[in-house]
1. Applying 1/(1 + (r/R0)^6) with R0 = 25 Å to the Cβ-Cβ distance of residue 220 and residue 187, what FRET efficiency is obtained, to the nearest 0.05?
2. Using only Cα atoms, what Kirkwood radius does the stretch 178-251 have, in angstroms?
3. Gain in length, residue 247 to residue 52, computed as 0.36 nm per residue apart minus the alpha-carbon separation, to one decimal in nm?
4. Between residue 31 and residue 208, what is the label-to-label distance in nm when each label sits 7 Å out along the Cα-to-Cβ direction?
5. For a quick check: sort 247, 49 by the number of other beta carbons within 10 angstrom, fewest at the front.
6. How big is the stretch 84-194 by the Kirkwood estimate over distinct Cα pairs, in Å?
7. What is the distance, in nm, between label points placed 7 Å from the Cα along the Cα-to-Cβ direction at residue 43 and at residue 135?
8. What does the convex hull of the Cα atoms come to per residue for the stretch 169-218, in Å³?
């Protein structure tokens, strides 16, 4: 009886371990192929993004835990062998073909858009087995922020596929140093007040000088103090203008923003429990 109980105990442990390991493996290992991004903006200077975005995403996703990337050359080889184009539109049958031939569970493609508000990258995460798609977006006020846009997309794609990391809804592009500029302006103002008091004392000295020998040195000293005070006054004015400029800029800081999907899968594992569910965004 003890032997039977021991065997049952071992079997239960094996089953429990399998239940814990299989979901973790499924969640942690996702094979991904990165396809073409089409420039739909009508802006020719964004044509380079068609090449750069897949390269950026390939580089950034390669360092993500749980992401296995299909080499771009392998994807191109498969498409060439089946007379398909890297720049063609990916439909569900094409996605299934790519998934089957490259053992890729997900295919990533997208498009580039431009408007008065800036530029936007739309990413389509296609489940190759079903053809179903989940969208990710990254928007920026100008075309100078491709690096941050693709970094955000890589982080959010990895979060969507593996649950690892944190979803990134926003990256501030620039924070103006209002506090530092204000501190410098305050020091300039104090220096101006000190120099002004010194000028007044020296001015009083030369006005009260009784002899020519005393008058000329006192005048030169007051004149130097006068010039130093005026220079510091100009610097204080520049500092005050800079402080106001930084403060106004920080009232509406520019940022790269993402569109969070309304429903996301959630998976977590620790020593005490396993959690599997959905994260809802309202």
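1. Calculated transfer efficiency: 0.35.
2. 13.6 Å
3. Full extension from residue 247 to residue 52 adds 66.7 nm.
4. Taking the simple label geometry, residue 31 and residue 208 are separated by 9.4 nm.
5. 247, 49
6. Evaluated on the stretch 84-194, it is 17.3 Å.
7. That separation, rounded to one decimal, is 2.0 nm.
8. 62 Å³
Values quoted throughout were computed directly from the atomic coordinates according to the rules given, and no laboratory measurement underlies them. All of these numbers come straight from a predicted model, not from anything done at the bench. Virtual Cβ from ideal backbone geometry, glycine too; neighbours counted across all protein chains shown.
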